[in-house]
Ligand SMILES: CC(C)(COP(=O)(O)OP(=O)(O)OC[C@H]1O[C@@H](n2cnc3c(N)ncnc32)[C@H](O)[C@@H]1OP(=O)(O)O)[C@@H](O)C(=O)NCCC(=O)NCCS
C-alpha cells in the first residue's frame, strides 16, 4: 500500500504513462479516501525498494472501480500490469464484490489486450469522453 512518501515516484510513472496525467493532489486525495486503495509493484531486490508500477481502485458497495493503472515504461511487458490487476481482482473476490469496472481509450491497445485477456467485456461507450483527444471511453466490466 502506498503512503504520501511514495507520491513523487508515482508521479514520475504517471507523467510517463498518460497524455493528461493526474496531478499530485489527485494522488494525495486517493490516500485519504477510506474506500480507495493504492497498491504498488516494487522491485524485489533494491533497498529502498524502487516503485515500478501502481494500481488505484475504489471498493464501493459490491463493485470495484479501477481508476488508474500504470507501469514504469522501462519495466513493461514483464507481467507487472497483469500482476497488479490480478491482485485487485483477488481482493474484490475476497471482499465478495460482484463486478470490476474500468474505462479505457480505444487507442490503448496494450491495456485493451491486458483487460480482454483477463475476461473484461466491453459493455458501453462514453462518446468523446476524454477532453485532451476527444476520444470515446470504452467501459469494461468483469463479472466475478
Ligand atoms: C497497460 C500497462 C499497465 C500494461 O502493463 P505491463 O506490465 O506492460 O503489462 P504485462 O507485462 O503484465 O502484460 C500483460 C498482457 O497485456 C498485453 N499487453 C501489454 N502490453 C502490450 C503491448 N504493448 N501491446 C500489446 N499487448 C500488450 C499482453 O496481452 C500481455 O501479455 P503477454 O506479455 O503475455 O503478451 C502498461 O502498458 C502501461 O502502464 N501503459 C500506460 C498506462 C495505461 O495505459 N494504463 C491503463 C489505462 S486504462
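Here are some notes:
- Filtered residue count, the range 101-118, keeping only those that are outside any strand (DSSP E or B), surrounded by 14 or more Cβ atoms within 10 Å (Cβ to Cβ) and more than 6 Å from the ligand (Cβ to nearest atom): 4
- Complete set of residues in the range 1-34 that are part of a loop (DSSP other than H, G, I, E, B), within 14 Å of the chain's Cα centre (by Cα) and away from the ligand (no atom under 12 Å from the Cβ): 1, 2
- All conditions in (1) within 11 Å of the chain's Cα centre (by Cα); (2) surrounded by fewer than 18 Cβ atoms within 10 Å (Cβ to Cβ); (3) under 20 Å from residue 11 (Cα atoms) hold for residue 65, with the sole exception of (3).
- Of the residues making up the range 124-136, those that are farther than 16 Å from residue 100 by Cβ and in contact with a strand residue (DSSP E or B) (Cβ under 7 Å, 6 or more places away or on another chain) are 125, 126, 129, 130, 136.
- Pairs, first without any contact (Cβ under 8 Å) to a residue 60 or more places away in the chain in the range 117-128, second surrounded by fewer than 12 Cβ atoms within 10 Å (Cβ to Cβ) and part of a loop (DSSP other than H, G, I, E, B), C-beta under 9 Å, six or more apart: 128/134
- Being at pLDDT 95 or above and surrounded by fewer than 18 Cβ atoms within 10 Å (Cβ to Cβ) is a description that does not apply to residue 92.
- Of the residues making up the range 57-95, those that are more than 14 Å from residue 142 (Cβ to Cβ), near the ligand (Cβ under 9 Å from one of its atoms) and assigned to a helix (DSSP H, G or I) are 73, 75, 80, 81, 83, 84.
- Test: residue in the range 36-49 that is without any contact (Cβ under 8 Å) to a residue 40 or more places away in the chain, in a helix (DSSP H, G or I) and in contact with a strand residue (DSSP E or B) (Cβ under 9 Å, 6 or more places away or on another chain): no
- The single condition among (1) within 18 Å of residue 13 (Cβ to Cβ); (2) loosely packed, with under 12 Cβ neighbours inside 10 Å that residue 121 does not satisfy is (1).
The values are calculated or read from the model by the stated rules, or taken from the named source; none is laboratory data. Quick caveat: nothing in here was measured; it's all calculated off a predicted structure. Cβ coordinates were reconstructed from backbone atoms using ideal geometry, including for glycine residues, and neighbour counts include every protein chain displayed.
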